[in-house]
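Here the structure is laid out as structure tokens; the discussion comes afterwards.
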Amino acid sequence: MSDPREYLTKEKYDELKKELEQLKTEGRKKVAESLEYAKSLGDLSENAEYQEAREMQANIEDRIKKLEAMLQSAVIMKMHHTEMVDIGSTVSILPLGATVKVTYKIVGSEEADLGQRKLSINSPLGRGLLGKKKGENLTVKTPGGAVTYTVAHIE
């Protein structure tokens, strides 16, 4: 069963709230203007501008609903030092047999970005790391087979 809460940093929460406000004001206004212009062109059944404006309207309304639900269920993560891996932790892991550690910050799915080493709590590795202590091992199933890691450091 997945967690219905959305874990966000305060910065990401503020960013999403700002996006929501922008979509509700400027975004909806722009769509309304596009629809008015398209209607002025005549026959709506063969009007590409009208179809495009309706699609843009649907996309904006979908994003507004998604953001509202996300912000309503948001849990602001507190950055902390802990003995166990938790949401908001920065954890270094060492793949079994390797000599180079990999460090990730454990975040909610909306903030996940492997390029920035931000790992979603909903990913197999993120779920496997939750609750682990320094020195503990975990094995994660990957497309290339099972990989075992050791938790090297937690912040």
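The values are calculated or read from the model by the stated rules, or taken from the named source; none is laboratory data. The shown structure was predicted, so the numbers you read here are calculated from the model rather than taken from an experiment. Cβ placement follows ideal geometry from the backbone for every residue including glycine, while neighbour counts extend to all protein chains displayed.
Among the residues in region 88-110, are any aliphatic (A, V, I, L, M) and over 23 Å from residue 149 (Cα atoms)? So far as region 88-110 goes, no, none of its residues is aliphatic (A, V, I, L, M) and over 23 Å from residue 149 (Cα atoms).
Can you pull out the residues in region 3-32 that are among the hydrophobic types (A, V, I, L, M, F, W, C) and part of a helix (DSSP H, G or I)?
16, 20, 23, 31, 32
Considering only residues that are of a type in the set (Lys, Arg) and surrounded by 15 or more Cβ atoms within 10 Å (Cβ to Cβ), which ones fall in region 117-126? Of everything in region 117-126, just one residue is of a type in the set (Lys, Arg) and surrounded by 15 or more Cβ atoms within 10 Å (Cβ to Cβ), namely 118.
If you check residue 19 against the conditions, is it exposed (fewer than 13 other Cβ atoms within 10 Å of the Cβ), outside the structural domain of residue 108 (by TED's automatic domain parsing) and out of contact with any strand residue (DSSP E or B) (no Cβ under 6 Å at 6 or more places or on another chain)? Before you say what the answer is, go through the steps one by one.
Details: exposed (fewer than 13 other Cβ atoms within 10 Å of the Cβ): no; outside the structural domain of residue 108 (by TED's automatic domain parsing): yes; out of contact with any strand residue (DSSP E or B) (no Cβ under 6 Å at 6 or more places or on another chain): yes.
For residue 19, the condition - exposed (fewer than 13 other Cβ atoms within 10 Å of the Cβ), outside the structural domain of residue 108 (by TED's automatic domain parsing) and out of contact with any strand residue (DSSP E or B) (no Cβ under 6 Å at 6 or more places or on another chain) - is not met.
Taken over region 46-70, the residue count meeting the criterion of being surrounded by 15 or more Cβ atoms within 10 Å (Cβ to Cβ) and either in contact with a strand residue (DSSP E or B) (Cβ under 9 Å, 6 or more places away or on another chain) or in contact (Cβ under 8 Å) with a residue 24 or more places away in the chain (or both) is 6. For region 90-113, check the following and say yes or no: at least one residue is among the polar types (S, T, N, Q) and within 15 Å of the chain's Cα centre (by Cα). Looking through region 90-113, at least one residue is among the polar types (S, T, N, Q) and within 15 Å of the chain's Cα centre (by Cα). Can residue 9 be described as at negative phi, exposed (fewer than 15 other Cβ atoms within 10 Å of the Cβ) and in contact (Cβ under 8 Å) with a residue 12 or more places away in the chain? No, not satisfied.
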